[in-house]
Amino acid sequence: MAIDKGRLVVGPTKRRDQEKQFYVSYITNTEPGYTRAVVDESGTLVSDPQLPEVEGQIAIWQRAAGDEAGQAYVVVRINNVLTWVRVLHTLDLQDTRTGESWDPLAGFYDPLAS
């Protein structure tokens, strides 16, 4: 390891195939856990049961082709069984003036608001 003008110059600590991070496994047009029809490498139409493979696996269900938004699903272990669970997206904004959760009606409390 060497220091070169304010940065560390080091080699990789792990090979890419050894990383344990999980990314979106696939984007599907059928809700995970239900069988979908796909075309395999040979061009044959086959059914894919979309069974969970590993805890932490992520899939995105796009209800319509070209849809920009999708519903995320993640594999969790419940009673030692891998199962798909829908991800509930939440957003918690904080008011920087108070440190409290953001009040969507904050603008109405202004004495100048009519």
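Each value in this text was obtained by applying a stated rule to the coordinates, not by laboratory testing. Predicted model, so just to flag it, every value in this text is computed and none were measured. For neighbour counting, all protein chains shown are included, and Cβ atoms are generated from backbone atoms with ideal geometry for every residue, glycine included.
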Two pseudo-spin positions, 7 Å from Cα along C-beta at Ile78 and at Leu105, lie apart in nanometres by 3.6 nm
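Please give me the summed charge of the neighbours of Ser47: other residues whose Cβ is under 12 Å from its Cβ, Lys and Arg +1, Asp and Glu -1.
-1
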Taking H placed 1.01 Å from N in the peptide plane, check which residues at least 5 places from Gln57 or on another chain put their amide H under 5 Å from its amide H.
Val75
Ranked output for segments 58-66, 91-99 by mean other Cβ atoms within 10 Å, highest leading, reads 58-66, 91-99
Provide the per-residue ³J(HN,Hα) series for the stretch 40-53, in order, calculated from phi with Karplus coefficients 6.51, -1.76, 1.60 and θ = phi - 60°, each as a whole number of Hz, with x at glycine and proline positions.
7, 4, 8, x, 8, 7, 10, 9, 10, x, 6, 6, x, 9
Using the crude model of +1 on Lys and Arg Cβ and -1 on Asp and Glu Cβ, and no other charge, please compute the dipole size for the stretch 19-105 relative to its Cα centre, in debye to 20.
200 debye
